[in-house]
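In what follows, a structure is listed as structure tokens, so that the remarks can point back to it.
The values are calculated or read from the model by the stated rules, or taken from the named source; none is laboratory data. Just so it is clear, the structure is predicted and the values come from calculations on it, not from any experiment. Using ideal geometry, Cβ is built from the backbone for each residue, glycine included, and neighbour counts are taken over all protein chains shown.
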Amino acid sequence: MVTFKPKKYNWKIFELKHWPIQKIVDKYKCHKTAIYYALRKLNIRRDKYIFSECHKKKIKQNHISVSGKLNPNYKDGNTTISHYCIDCKKEVCYNSVRCYSCHNRYKSKKLHKDSSFLSRSLMGFFRRSKCTGKSKIFHEILNYFYPNKFKYVGDGTLVIDRYTPDFYDGDKSLIEFFGEYWHKNPRGIKTDRRKLKMYKKLGYRCLVIWEKELENFMKLKSKLNKFVEM
């Protein structure tokens, strides 16, 4: 049944409550869906709705009068009807369209095709990350040496080809703050190399500051000065 916003008819509530729906249709020359819309809006419940013969047949085919444990489509609270992935035809959960691997493949294709979708999805993902812990301490040090020059953009405000740097000066200078736990893993090292290559390829200068370097304040200051003066 097609739903639409109907015209404003001057129906009386008495008519909607007590008259047969076909009588209202004949009187006002309106569509049945307009009446159903009005009934929903006024929170009026009608016992007898008029359906077409085709609609009645579909209801008979799909409706199973047996409920609860006697229903043949359910066993121990789970459905017995099998659902399959639309790409590889593997069996999946009842509320899934694709299996896990096909879903990831589909998402990656969509990401590479549409750059705006990529930036929007990454911004939504990184919005949850906040400048906390030692990165917050480093941000305070940056503000002390260079007030209002470097802004924290690790929350997804700046996306450079699916990567988000930590700090950005508004021109072509980036600073990445790496923690020991995540960025010294083999997987983290690979992604960091790829990220730094991409920054260089696009014409950005990037300085990497490690977590341990916060311990030696003078060395950190000289390293930052060299990078800013270049």
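In the list LEU158, LEU142, which residue meets the criterion of being at pLDDT 80 or above, part of a loop (DSSP other than H, G, I, E, B) and not basic (Lys, Arg)?
Just one listed residue meets the conditions, LEU158.
Just name the residue that is nearest to LEU207 (Cα to Cα) out of those in the range 145-155 that are of a type outside the set (Asp, Glu) and not in a strand (DSSP E or B). Explain how you work it out, then say what you get.
Filtering the range 145-155 for residues of a type outside the set (Asp, Glu) gives 145-154.
When the remaining residues are screened for being not in a strand (DSSP E or B), the result is 145-150, 153-154.
Values: PHE145: 16, TYR146: 15, PRO147: 18, ASN148: 18, LYS149: 15, PHE150: 12, VAL153: 15, GLY154: 15 Å.
Taking the candidates together, the pick is PHE150.
On the basis of being of a type in the set (Asp, Glu) and out of contact with any helix residue (DSSP H, G or I) (no Cβ under 9 Å at 6 or more places or on another chain), does ASP171 make the cut? Walk me through how you get there before you give the answer.
Details: of a type in the set (Asp, Glu): yes; out of contact with any helix residue (DSSP H, G or I) (no Cβ under 9 Å at 6 or more places or on another chain): yes.
So ASP171 fits the description; yes.
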